[in-house]
Amino acid sequence: MTKAEIVAEIAQKTGIEKVAIQATVEEFMTAIKESLSEGENVYLRGFGSFIVKKRAEKTGRNISKNTTIIIPAHNIPAFKPAKTFMQDVKKKVK
């Protein structure tokens, strides 16, 4: 499902114009991105958590040049679904 399909479905179910839904969805995603970039996690009860995971420094290899490189420590965004969300998804799979 794409962002456009989500907007269309919400607009159909609520009767609100697609333009307003589009702006809301865009602002929602922007708020999550900004929070994560500042190191803040976002918790949505019953849905899940958008969290910042810290990756430790590690050694990597460039196979084509046969050299070792150091990959510095960095943060990555991650999503952890809520238990109820997981249960709902597991019920749907056959």
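The values are calculated or read from the model by the stated rules, or taken from the named source; none is laboratory data. The shown structure was predicted, so the numbers you read here are calculated from the model rather than taken from an experiment. So basically every Cβ, Gly included, is an ideal-geometry build from the backbone, and we count neighbours across all protein chains shown. In case anyone asks, the SASA skips ligands and DNA or RNA and just uses the protein heavy atoms, side chains included. Shrake-Rupley method; radii C 1.70, N 1.55, O 1.52, S 1.80 Å.
Can you tally the lysine pairs in the chain where the Cα-Cα distance is under 19 Å and the two residues are eight or more apart, or on different chains?
Close lysine pairs found across the chain: 14.
May I ask for the angle, rounded to the nearest 10°, between helix 18-37 and the longest principal axis of the chain, with both axes built from Cα atoms and the value confined to 0 to 90°?
The answer is roughly 30 degrees.
Taking only Cα atoms, what is the 0 to 90° angle, nearest 10, from helix 3-14's long axis to the longest principal axis of the chain?
It works out to around 30 degrees.
How far is helix 83-92 tilted, in degrees, relative to the longest principal axis of the Cα atoms in the chain, given as a value from 0 to 90 rounded to the nearest 10?
Once rounded, one gets 70 degrees.
Give a quick list of GluC sites (Glu not before Pro) in region 5-34 that DSSP marks as loop, anything other than H, G, I, E or B, with at most 14 other Cβ atoms within 10 Å.
Glu17
With a 1.4 Å probe and every protein chain left in place, work out the accessible area per residue of region 1-79 in Å², rounded to a whole number.
With the other protein chains kept in place, region 1-79 gives 80 Å² per residue.
Considering only DSSP states other than H, G, I, E and B, which trypsin sites (Lys or Arg not before Pro) in region 1-89 qualify as loop sites with at most 15 other Cβ atoms within 10 Å?
In loop regions of region 1-89 (DSSP not H, G, I, E or B), the sparsely surrounded trypsin sites (Lys or Arg not before Pro) are Arg45, Lys65.
Counting only protein heavy atoms and using a 1.4 Å probe, what share of the accessible area of the chain belongs to carbon plus sulfur, as a whole percent?
Ligands and nucleic acids excluded, carbon and sulfur reach 58 percent.
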